[in-house]
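Bear in mind that the values in this text are calculations on the coordinates, not laboratory data. This one's a predicted model, so the numbers in the text were calculated from it and none came from an experiment. All Cβ positions, even for glycine, are placed from backbone atoms using ideal geometry, and neighbour counts span all protein chains on display.
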Amino acid sequence: MWVYEKKLEYPVSVSAPNPKMAKTIITQYGGPDGELAASLRYLTQRYSTPLNEAKATLTDIGTEELVPLCYQ
């Protein structure tokens, strides 16, 4: 059994918009070298891997790469 608590690990206080920082964050999540691209690469590579151990590892890594995307 588990309990889901929707709260931030560290309190955040935004005083003003910062477009430069926003661009950096968006690039990390959605850019060609971002979390989503890496996750999809791992998850698609698992289908062409012959070893079950390697498939399990690629699945684990791919799903771990997706975790930061879930907490936006």
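Considering only Thr44, Ile61, Gly30, whose Cα is most displaced toward the positive end of the charge dipole of region 19-70, charges sitting on Cβ of Lys, Arg (+1) and Asp, Glu (-1)?
Gly30
Quote the convex hull volume per residue of the chain, based on C-alpha atoms, as a whole number of Å³. Provide the component values of the computation, followed by the final result.
Working: hull volume 7.8 nm³, N = 72.
For the chain, the hull spanned by Cα atoms encloses 109 Å³ per residue.
I want to verify a result. In a Gaussian network model of the chain, Cα cutoff 10 Å, which of these has the top mean-square fluctuation: Ser39, Ser15, Ser48?
Highest fluctuation among the options: Ser15.
On C-alpha positions alone, give me the angle between the axis of helix 35-45 and the longest principal axis of the chain, in degrees, nearest 10.
That helix lies at roughly 10 degrees to the long axis.
Angle check, please: helix 52-70 long axis (alpha carbons) against the longest principal axis of the chain (alpha carbons), in degrees 0 to 90, nearest 10.
The angle comes out at about 10 degrees.
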